[in-house]
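Notes follow once the structure below has been shown.
The values are calculated or read from the model by the stated rules, or taken from the named source; none is laboratory data. Source: prediction; values computed, not measured. For neighbour counting, all protein chains shown are included, and Cβ atoms are generated from backbone atoms with ideal geometry for every residue, glycine included. When the accessible area is computed, the model is the full protein with side chains, heavy atoms only, and any ligands, DNA or RNA have been set aside. Shrake-Rupley method; radii C 1.70, N 1.55, O 1.52, S 1.80 Å.
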Amino acid sequence: MDEQFFFKKLNTLFTSKEIFDFLSSLELMSDTMASGALRRISEVEVNDGGLKNPGVLENEVFRALCFQFEFESSKLSNSGLLNALQALIKLRIDPQSTLMARLLSESEKRLGKGQLTAENLCALGESLLELESPSCATLEQIVNHMQEKDIEKWSPREIVMAYEILQVTVREGKEYQNLLNRLNSVTLPAVSQLSPNFASVILHSLVVLCQTQAIALVTALCKHSVKHVLHFTDYELVNVLEAFLYFGHREQIFTEALETHVPKSILTMHPQTVCKVMQYCCKKTILSKPIFDAVAEVFIFHADRLTTDQIAEYIIPFGTLNYLPPSASSLFRKLETVLHTRLSHFQPHTLLNLLHSCVLIQRYPLNFLPKIFSPYFLQKLQAQPPGLNRVATSQLTQLFLTVNLECPFYEGPKLLPKYQVKAFPVPHSSRDMHLLKRVKTGLLYLLKKRIYFASDVSTPYFYAVDIEIKLDEEGFVLPVAQCEEVHKRIAVCVDGQSRFCANSHNLLGEEAIKQRHLQLLGYEVVQIPFFEIESIENCRKMAEYLHKKIFTHTYG
């Protein structure tokens with residue numbers, strides 16, 4: 001039978017019985033046709049759960065095909081040999097069987113003699129990667145032969161396969177950066193032709209292979225991914241999000257595409273994919289209300305199906321980005337129910353992170369604080385890496401301070417002084433030094449002398465204040481060194497862009513709780529946000545703005 005007609009007919013058959021009946025009607029077929037038949041059987045009989053009908057492997061037509069491949073392996077064409085190998089691996093044939101051993105041995109023999117084309121190399125590499133423990137020596141040989149090929153003429157499938165093989169060989173400590181540089185260069189002009197799957201695989205490979213220097217390729221792939229957000233599988237979307245996070249990339253239109261896709265698909269999304277979306281938003285400080293509202297709704301109805309880590313990853317970004325969704329009361333009621341039921345299942349650091357994120361948005365986990373402040377829990381926290389480090393002790397201290405300031409009726413155990421930090425850490429990135437300098441210059445113009453305000457002031461209450469000004473009872477400014485007759489302290493918070501969610505005027509949770517606590521501690525808090533002063537042109541106008549903002553009672 002003509003090969004073209006054979007494959008056309010084969011692709012119209014959708015059960016193994018139909019395929020076997022069709023094969024039985026033929027007197028002769030080439031090895032390419034026979035391997036194509038095995039491949040078609042694997043396509044109709046294998047799904048994500050494995051082999052649908054193990055009885056297929058006992059069929060006499062199937063056994064006859066395998067017999068031919070086993071005893072005539074040396075006579076097969078390259079494509080017949082490698083297609084058969086791929087199909088049999090997919091059908092879960094035992095890699096230790098004589099059939100598989102002969103096909104693998106014959107493939108390796110031809111590889112050693114340099115008889116395989118680029119397409120053959122990729123097919124063999126793909127087959128080896130499907131095996132649980134591929135021979136790294138053989139994969140290395142494939143890579144070495146790839147380096148000799150003209151990769152400029154490769155198809156997207158061959159490029160993708162090369163990246164996947166390199167992932168494994170580089171993990172073994174082998175260096176192939178020259179080949180990677182060539183691959184990266186060849187892939188760049190081909191990006192627009194890549195399918196969603198290929199784009200996702202290459203981005204994942206670039207992460208695994210630490211290709212931070214391939215900026216042009218990464219940027220092109222990230223932009224190309226925007227078109228495919230609606231078409232990615234869960235696994236592919238996770239790969240793409242991990243690449244965006246690893247390479248520090250952000251695309252507004254990618255976020256917009258996620259905002260369209262996630263709310264519509266969230267009920268069918270795997271929880272781990274939702275976690276990755278929330279992690280992406282959290283790390284990039286993207287407050288996407290459509291996504292957060294959808295996540296809140298799905299949590300209310302499906303929280304019982306989530307692992308404890310997934311529960312934390314769903315909820316923590318709400319606190320980090322200082323956002324309460326419309327369904328906040330139901331959301332936190334559900335969280336409390338889940339915590340009551342599964343509190344002992346949470347890892348200590350996961351539980352601390354979760355409860356700390358709640359207080360950032362004024363949701364107080366009072367029923368669970370006795371456990372958090374108990375010596376037993378603190379010992380567990382110390383024992384689990386990273387132990388009682390600065391982050392953990394700062395979170396414990398902030399929980400303790402929140403209870404004292406915002407929940408004075410709490411009468412449970414308190415946090416012992418030895419677990420409290422003396423001052424909360426101030427990340428360097430949270431201070432906009434240029435903005436702070438402009439504000440200080442404006443204040444100097446207004447107050448005439450530097451003695452009337454202090455910057456970067458450590459308070460007795462763990463927080464540092466950007467600028468502090470002291471007033472007496474009549475509202476006159478006092479020298480900052482003076483401690484007597486201080487009637488009012490003004491905390492000036494110079495809030496640069498890094499203290500807000502991206503492209504938003506919404507303060508991050510850490511900054512919101514700080515300003516709330518300073519107020520409760522007796523400070524008059526004056527916020528100087530970047531978006532109010534970035535357009536102020538000169539020192540005189542800045543002084544006028546600060547006069548109006550800080551000294552409202554004397555302005556005009």
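Hey, can you tell me all the residues within region 30-53 that are open to solvent by 40 Å² or more (accessible area, probe 1.4 Å) and among the small types (Gly, Ala, Ser)?
GLY49
Can you name the residue in region 110-129 that is in contact with a His (Cβ under 8 Å, 6 or more places away or on another chain) and outside any helix (DSSP H, G or I) and is also farthest from ILE151 (Cα to Cα) among such residues?
Restricting to residues being in contact with a His (Cβ under 8 Å, 6 or more places away or on another chain) and outside any helix (DSSP H, G or I), the top hit is GLY114.
Output the number of residues of region 357-396 satisfying the condition of being of a type in the set (A, V, I, L, M, F, W, C) and assigned to a loop (DSSP other than H, G, I, E, B). Talk me through it step by step, then tell me what you get.
The first filter runs over region 357-396 and keeps only residues of a type in the set (A, V, I, L, M, F, W, C), leaving 358-361, 366, 368-369, 372-373, 377-378, 381, 383, 388, 391-392, 396.
Now restrict to residues that are assigned to a loop (DSSP other than H, G, I, E, B): 361, 373, 388.
Going through region 357-396 one residue at a time, the tally reaches 3.
Quickly run through region 2-29 and pick out the residues that are in contact (Cβ under 8 Å) with a residue 24 or more places away in the chain, surrounded by 12 or more Cβ atoms within 10 Å (Cβ to Cβ) and either in contact with a strand residue (DSSP E or B) (Cβ under 6 Å, 6 or more places away or on another chain) or not β-branched (Val, Ile, Thr) (or both).
GLU3, PHE6, PHE7, LEU10, LEU13, SER16, PHE20, LEU23, LEU26, MET29, listed by residue number.
Pick out the one residue from ASN178, ASN144 that is assigned to a helix (DSSP H, G or I) and touching a residue at least 12 places away in the same chain (Cβ under 8 Å).
ASN178
Just checking, how many residues over region 472-509 are at pLDDT 95 or above, assigned to a loop (DSSP other than H, G, I, E, B) and charged (D, E, K, R)?
Total meeting the criteria: 0.
Tell me which of these LEU81 doesn't satisfy, since it passes every other one: (1) surrounded by fewer than 20 Cβ atoms within 10 Å (Cβ to Cβ); (2) out of contact with any strand residue (DSSP E or B) (no Cβ under 6 Å at 6 or more places or on another chain).
With (1) surrounded by fewer than 20 Cβ atoms within 10 Å (Cβ to Cβ); (2) out of contact with any strand residue (DSSP E or B) (no Cβ under 6 Å at 6 or more places or on another chain) applied to LEU81, the lone miss is (1).
Looking at (1) over 22 Å from SER127 (Cα atoms); (2) touching a helix residue (DSSP H, G or I) at 6+ places or on another chain (Cβ under 9 Å), can you tell me which one SER107 breaks?
Condition not satisfied by SER107: (1).
Go through region 200-256 and give me each residue that's under 21 Å from LYS283 (Cα atoms) and among the polar types (S, T, N, Q). Write out each step before concluding.
Step one: filter region 200-256 for residues under 21 Å from LYS283 (Cα atoms), giving 200, 203-204, 206-208, 210-212, 215, 218-219, 221-223, 225-226, 229, 234-256.
Within region 200-256, SER200, GLN211, THR212, THR219, SER225, ASN239, GLN252, THR255 meet the criteria.
Just a yes or no: is a residue in region 112-126 more than 25 Å from CYS66 (Cβ to Cβ) and crowded, with 19+ Cβ neighbours inside 10 Å?
Scanning region 112-126 turns up at least one residue that is more than 25 Å from CYS66 (Cβ to Cβ) and crowded, with 19+ Cβ neighbours inside 10 Å.
May I ask you to list the residues in region 58-75 that are within 18 Å of ARG40 (Cβ to Cβ), touching an Asp or Glu at 6+ places or on another chain (Cβ under 9 Å) and buried (at least 20 other Cβ atoms within 10 Å of the Cβ)?
Within region 58-75, PHE69 is the sole residue that qualifies.
Taking LEU416 as the residue in question, decide whether it is open to solvent by 30 Å² or more (accessible area, probe 1.4 Å), in contact (Cβ under 8 Å) with a residue 60 or more places away in the chain and either more than 19 Å from TYR461 (Cβ to Cβ) or not assigned by the TED database to the domain that holds LEU521 (or both).
no
Which residues, counting only those in region 518-556, are touching a helix residue (DSSP H, G or I) at 6+ places or on another chain (Cβ under 6 Å), in a helix (DSSP H, G or I) and open to solvent by less than 40 Å² (accessible area, probe 1.4 Å)?
PHE530, MET542, ALA543, LEU546
Can you tell me which residue in region 141-153 is modelled with the highest pLDDT, limited to those that are under 17 Å from ASN120 (Cβ atoms) and open to solvent by 50 Å² or more (accessible area, probe 1.4 Å)?
Per the stated criteria, the residue is GLN141.
Looking at THR285, THR273, which is the one that is open to solvent by 30 Å² or more (accessible area, probe 1.4 Å) and hydroxyl-bearing (Ser, Thr, Tyr)? Even if it seems obvious, please write down each step before you answer.
Details: THR273 fails: open to solvent by 30 Å² or more (accessible area, probe 1.4 Å).
Just a single option satisfies the conditions, and that option is THR285.
Give the number of residues within region 441-471 that are hydrophobic (A, V, I, L, M, F, W, C), closer than 17 Å to ALA543 by Cβ and assigned to a strand (DSSP E or B).
Looking only at that region, the number is 2.
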